[in-house]
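Notes to accompany the following structure.
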Amino acid sequence: AAGAETHSFEAEVSRLLHLMVHAVYSNKEIFLRELISNAADACEKLRHEALTNSDLTRNDPTFKITLSSDGKAGTLKVVDNGVGMSKEELIDNLGTIARSGTRAFLDQLASSSNGEDGSALIGQFGIGFYSAFMVADSVEVVSRRAGADEAWRWSSDGMGSYEIAPASDEDAPVRGTKITLYLKEDEKSFADPVTIRRVVREYSSHVPVPIRLMSYNEEAKAIDEEELTDGSALWIKPKSDITEEQYTEFYQHTAGQFDHPALTIHYRAEGRTEYNVLAFVPEHKPFDLFDPNRKGRIKLYVRRVFITDDADVLPAYLRFVRGVVDSEDIPLNISREMLQDNPILNAISKGVTNRILSELEKLANKEEEKFASVWEAFGPVIKEGLYEDPERRDQLFKLVRFNTTKGDNRTLAQYVEDLKENQTAIYYALGDSKEAILASPQLEGYQARDVEVLLLSDAVDAFWVQTALGFDGKSFKSISQGGADLDLIEKPEKEEDKGKSEEDKAKEQGDVAELVTFVKETLGEAVSDVRISARLATSPVCIVAPDYGPDRQLEKLMRSQKG
Ligand code: ADP
Ligand code: MG
């Protein structure tokens, strides 16, 4: 066609597409969820832009998504009147991999060794637009950016390149995007209204833009039109009207995840600031949990209008929480910059953060096992709050679970309850893993006295123990640091010491003192001190850090970061 250009896909896209085309994945129907979710995003983006430029929506004011199927031709179209894409946007968005989720998917794929073909992995990611190639031989996207005169057609068979050409007015939507899938021979059922209805109900029934289905009726030689969903916001409905399945489906749509929520938090705050919250704690770790820019993904709405998913509604240590916050009070046309220090948003953030922490605490008290799995997935992230959010440290301490020498999933309250007589500190040991710590000779003196030690093996542990002042009046103390103040805690006498006379014991002590002097002289400058210690029970010596200054584990960490 005139003015057509051929572009190659970015190498990674080609790889992904190759996978899509050959996918033996049984859950192919999720492609529709992905296209509908993009269409809904496009409508919400434009709804937001139109707040400051109402001309953009004047020619077609009601947002909608239209699915249109033709069984005979074997096509399915997904049409939206959202923001649309310019030529550059088509090239940027549908020729490269922008989203971090897809990148993580590819990384995961590259590192999966046992010949996995990726099909199993697809289910754990929303792989977006490209998933259309699981069911289509070729895909055509015709789009007109809101406010633009010209429209563009993007088309590809998913084999390494795509074509871009100007689109004619008859072919293009007045505004927004029309995606046509030319279904593969054995995927033609996706042009069948029965299948489409089922898939939309299952994955997309609470997308906040209404969805219509138009299908060609062979017998009547006419187009049947029906509304599949009304686009009303789920979070506004009363809890009693919502089923667990509806919550799950909404979670999957908003979060772009495939797991189920471990915890659903739905409420309306009334009073000085009014807002609705529908938030979820996922069951599984998303793959970008430790992404360096570690952004939260709470969607902020103002009176049902999507504003941004980029406003730090929650602190970074709650970045795994997904969902929606819808404010009644923030001005609709607020700019992103103004959101940064908005007192209403600050009040909302505070309220929602407190509520999420208290719901987590409730879960911890009521459903131990469920909470344990949440802790397993997100504990290391929540612990970042122990130094990032000192104001809520005490609240967070109620959630924190530890592996200790007495067992797994212990709370600090349990630790303190089991303190030995004369024990005044909470002892911890840092290391790379629970097993590595347990092998440390420094634990011996504690084990011998049956004193519990927290086994800290997450990267964040070295940081929070430095700043945490204590719990319940007991300070945190590293077992590798300073003179182990263990002497005050009674130790059951060793078998071999039983029956020795006081005289013999005194002589032994004299011998040890002599040995210490000898070692000190021999090592000289290499050590700052050599001491007799209660820390050990069976090993002869160990190296410890001074009372003040970095812990040994932290020293190691700092050394490794200096490179
Ligand atoms: P994601 O939705 O996570 O960004 P996708 O692969 O689903 O990833 O889509 C890639 C990008 O293509 C989107 O971010 C968006 O910019 C653009 N896009 C896709 N579909 C549409 C659409 N219907 N209207 C406007 N833009 C779209
Ligand atoms: Mg998408």
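Where a number appears in this text, it was derived from the coordinates with a stated rule and is not lab data. Fair warning: this is a prediction, and the values are worked out from it, not measured in the lab.
Computed quantities for the displayed model
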{"read-out": "The chain: calculated mean residue ellipticity at 222 nm from DSSP helix runs of at least 4, using -39500 (n - 2.57)", "value": "-10000 deg cm²/dmol"}
{"read-out": "LEU536 long-range amide H proximity, modeled H, under 5 Å", "value": "GLY445"}
{"read-out": "Coarse-grained scattering of region 203-296 at q = 0.16, 0.18, 0.22 Å⁻¹, given as base-10 log I(q)/I(0) from a Debye sum over alpha-carbon atoms", "value": "-0.81, -0.92, -1.14"}
{"read-out": "Relative frequency of Cα-Cα separations exceeding 29 Å in region 301-460, percent", "value": "34 percent"}
{"read-out": "Rounded, prolate or oblate (a/c below 1.5 giving rounded, otherwise prolate when a/b exceeds b/c) for region 355-394 by Cα gyration tensor", "value": "oblate"}
{"read-out": "For SER138, residues with placed amide H under 5 Å, excluding near neighbours", "value": "TYR182"}
{"read-out": "Computed over the chain, Cα set: Rg, Dmax in Å", "value": "30.8, 111"}
{"read-out": "Percentage, to the nearest whole number, of Cα pairs in region 118-220 over 25 Å apart", "value": "32 percent"}
{"read-out": "Relative compactness, region 369-474, computed as alpha-carbon Rg over 2.2 N^0.38 Å", "value": "1.03"}
{"read-out": "For region 279-284, Karplus couplings with θ = phi - 60° (6.51, -1.76, 1.60), whole Hz, Gly/Pro x", "value": "10, 10, 9, x, 7, 10"}
{"read-out": "Kyte-Doolittle mean at least -1.0 and Cα axial length at least 24 Å: DSSP H helices in the chain", "value": "30-49, 343-366, 502-523"}
{"read-out": "Cross-link pairs beyond the 28 Å C-alpha cut-off, checked among LYS188/LYS299; LYS28/LYS362; LYS64/LYS239", "value": "LYS188/LYS299; LYS28/LYS362"}
{"read-out": "Beta bridge orientation in the chain: antiparallel %, DSSP, nearest 5", "value": "75 percent"}
{"read-out": "For region 247-396, share of DSSP beta bridges that run antiparallel, in % to the nearest 5", "value": "75 percent"}
{"read-out": "Hz values of 3J(HN,Hα) by residue in region 213-223 - Karplus curve (6.51, -1.76, 1.60), Gly and Pro given as x", "value": "10, 10, 10, 7, 9, 4, 5, 7, 6, 8, 9"}
{"read-out": "More than 17 Å apart - percent of Cα-Cα pairs taken over region 255-318", "value": "49 percent"}
{"read-out": "Surface/4 estimate of mean projected area, convex hull on alpha-carbon atoms of region 421-524, nm²", "value": "9.1 nm²"}
